[in-house]
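Down below is the structure, laid out as structure tokens.
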Amino acid sequence: MFQIPVAPPLPLAAPRALSLALAAAGPVAIGGILAAHTGVIAPLAAAPAIVFGVVAATSPALYIAITATGDGPPLAAVARALGSALGAFGIALAGLVLPAAFLSLSSVTAVTTIMVCSCALGGAAVLAMKRLSDELATRTLSAGVVTFVWAIATLGIAGRLWWNLASEAVS
Amino acid sequence: MSGAGTGGVIDLLLRDRAGMLTRIRTGNVTQILRTMIATIAVAMAIVGAALGSYRGDEQIAYAAIKLPLVLLGTAALSAPALTALGAALGRRSRLATDLALVMSALAFGALLLCACTPLILLGRAIDLPYHRMIVATVVMFAIAGFASLRMIGHALSLEQGPGWRSALVGLCTVFILVGGQLAWSLRPYLVRPRSPDVPFVREVEGSLYDAITGALRSARGIYLRDSAPLREGDEP
């Protein structure tokens, strides 16, 4: 039977459990920054819910689509890649929380806080997508396109939900 | 670290930055950090005092205190971002080494600015108009900032590990945003000679981003105030 070669995993900067904990704690911290500026506590719980909810809702589609192209790694490898990408998201966000908190606390308008928090979440999310792409290591154009389209859709859904949350907190 | 050792590290930083980068990777990071913090503090205090001399009196001390805080604060807030963004993409990074790298690069920039202080003092001596002095200062800081970021970029490119480009772009973004905002929050540094009072820091009027968006809005003819504020006794 033809076996699709699986790329070796990239080194993790932190243990898997710690990096996944950071993936949960990072959005809580960013939600906390928004909550501190607006006085609305909903972002504290809603921000991590958006991250994990959107990934949970869209990740089966990624597996199905790249497997259908014939270039998809096995289910376990896709799950491991998604875990690594979520961990990368948490680690990247951990480094951006401090600058984001400073930029938000030293500004007076809510728009600045929303922009700063959105940039921190968006930047970490883009890095996580790059990590996911590296981990999946697909070789065909169709699998690459599928991964790219999935990333755009996932970022778009999460971005829209985050924007609605932030706008509601400010209003 | 002995005085000769400190001087040796500063000389290495100015003369042989490739050697300095090797020392950061293999040497005693704590000693390097200590030297670089002291270098930034002293060099930026000199630059701040030179800028403050444009107004004179207490502004010399104010600017000499604030400018080192801007650079050290920027380094403290930016270095973890370099480590985290690189680590997220598989770069083998250590916070202490990255902090030493960022501090060394900023110390190099601070020393370049220190070398520019005769030009600042010349501007004061020939009574260079305030706005020209501002432009000259911005150019000097831009050159020093570019040199600092170039040193960090060179160090990361030598690693050739995964994620170094993304980490560098992320660091530059965080560095510019945080450094700009911290400098904005602790202004003024350069004050008109005829200014009667000099505050240590101005009241919080919003972020640098708020000021830029406000200026762009005003440039398009959209004003949020009915008129510009006037001094007492001035005709509208």
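Read-outs: derived from the displayed coordinates by stated rules, not from any lab. Not measured: the values here are computed from a predicted model. Using ideal geometry, Cβ is built from the backbone for each residue, glycine included, and neighbour counts are taken over all protein chains shown.
Details
- Candidates in segment B:148-172 are the residues that are without any contact (Cβ under 8 Å) to a residue 12 or more places away in the chain and farther than 26 Å from residue A:105 by Cα; of these, the one that is farthest from the other protein chains (Cβ to nearest Cβ) is B:150.
- Sole residue being outside any loop (DSSP other than H, G, I, E, B) and more than 13 Å from chain B (Cβ to nearest Cβ), chosen from A:120, A:65: A:65
- Segment B:173-200 - residue that is in contact with a Lys or Arg (Cβ under 7 Å, 6 or more places away or on another chain) and over 14 Å from residue B:134 (Cα atoms) and, of those, farthest from the other protein chains (Cβ to nearest Cβ): B:195
- If the condition is being in contact (Cβ under 8 Å) with a residue 60 or more places away in the chain and crowded, with 21+ Cβ neighbours inside 10 Å, then segment A:115-146 contributes A:116, A:117, A:120, A:121, A:124, A:131, A:135, A:136, A:143, A:146.
- The single residue among B:185, B:157 that is among the small types (Gly, Ala, Ser) and more than 14 Å from the chain's Cα centre (by Cα) turns out to be B:157.
Every residue, every condition in (1) in a helix (DSSP H, G or I); (2) out of contact with any Gly (no Cβ under 7 Å at 6 or more places or on another chain); (3) within 30 Å of residue B:185 (Cα to Cα); (4) more than 14 Å from every other protein chain (Cβ to nearest Cβ), yes or no:
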{"position": "A:85", "(1), (2), (3), (4)": "yes, yes, no, no"}
{"position": "A:94", "(1), (2), (3), (4)": "yes, no, yes, no"}
{"position": "A:100", "(1), (2), (3), (4)": "yes, yes, yes, no"}
{"position": "A:104", "(1), (2), (3), (4)": "yes, yes, yes, no"}
{"position": "A:143", "(1), (2), (3), (4)": "yes, no, no, yes"}
{"position": "A:157", "(1), (2), (3), (4)": "yes, yes, no, yes"}
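- Filter result for the condition that a residue is more than 9 Å from chain B (Cβ to nearest Cβ) and not in a helix (DSSP H, G or I), over A:80, A:139: A:139
- For segment A:27-62, the set of residues classified as without any contact (Cβ under 8 Å) to a residue 24 or more places away in the chain, in a helix (DSSP H, G or I) and β-branched (Val, Ile, Thr) consists of A:28 only.
- Hits in segment B:79-97 (condition: more than 7 Å from chain A (Cβ to nearest Cβ) and assigned to a helix (DSSP H, G or I)): B:79, B:82, B:86, B:95, B:96, B:97
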